[in-house]
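For reference, the structure is listed below as structure tokens.
The values are calculated or read from the model by the stated rules, or taken from the named source; none is laboratory data. Predicted, not measured: the structure shown is a model, and the values here were computed from it. Here the Cβ positions follow ideal geometry from the backbone for every residue, glycine too, while neighbour counts run over all protein chains shown.
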Amino acid sequence: MTVEPETPKPASGDRLATFAVRLIRVLVRVLFVLLVGAGLGLAAYFGGPALYRQYIEPVQVNTQRIADLEQALARVEANAAQDREQWTGRLADGEARQAVQAESLAALQADLAHQQSGLEALSDLPDRVDRLAASLDETSTQVASLEAALTSADAPTQRLGRVLQMVRAMELLTRARLWLIQNNLGLAADDVRSARTLLSDTAAAAPEAEAATLTPIIERLDLALQDLQTAPVVAANDIEIAWQLLVEASSPS
């Protein structure tokens, strides 16, 4: 009968060393998990507010500004429509009065021509003619003033419309900055180009002083379009400067 040799049991020192190695591995893994968690927490704590201030907050500002301007534009349009109705009515009344006074003046002048022989009896007729002529001149002046006011009644509405176009251009530039963050240069260029076209059309319809404030913004966007493919960081700075200039240009004067 053959007796198999007994397997030697590990010494107590070897068991202790094996346990220590396993314990060190567990501690290293726990420490790695803690470090990764701490890194993610710090990134969320410091990166979240910066992302909100740089990208989300401008979008909210643009949205609120558009809503406010649309409400103001609606109020101005309603007031302008009411004013136009009132001025149109007053213009019609003035024209009717002018016609009546012109007929009266013509009748008085004809009567004066045919009544030269009885001028003593009609001594007050020249005074009446003079007063009526003065009243006719005053009415003509009022009619001309009302026509000028009616012609310029849409000026506040036009200004608000231009400001609304500026704010829409700001929204396009904000979206272009977000596309740059995502490294989507094509969509960023499309939005910058759309904003540039919008501002160019607005400047063409604006008064000279207001168009002068839009010229450097358009030039800045041209620079951004030139650098967008080769130097996106420089283009992003140009877009940021254009956005700040638009904030100033669209503010109430």
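Name the single residue, out of those in segment 54-113 being touching a Pro at 6+ places or on another chain (Cβ under 8 Å) and modelled with pLDDT of 70 or more, that is farthest from Thr174 (Cα to Cα). Ranking the qualifying residues of segment 54-113, first place goes to Ala80. The condition (being closer than 30 Å to Gln64 by Cα and at pLDDT 90 or above) is satisfied by just one residue among Arg220, Arg162, Arg177: Arg220. Ala206 fulfils the conditions (1) at pLDDT below 90; (2) over 18 Å from the mean Cα position of the chain (by Cα) except for a single criterion, (2). For Ala211, the test of being under 20 Å from Pro58 (Cβ atoms) and surrounded by 15 or more Cβ atoms within 10 Å (Cβ to Cβ) is failed. For segment 199-210, the criterion of being out of contact with any Gly (no Cβ under 8 Å at 6 or more places or on another chain) and over 21 Å from Ser251 (Cβ atoms) is met by at least one residue. The listed residues are Ala209, Ala176, Ala195, and the only one of them that is in a helix (DSSP H, G or I) and within 18 Å of Thr230 (Cβ to Cβ) turns out to be Ala176.
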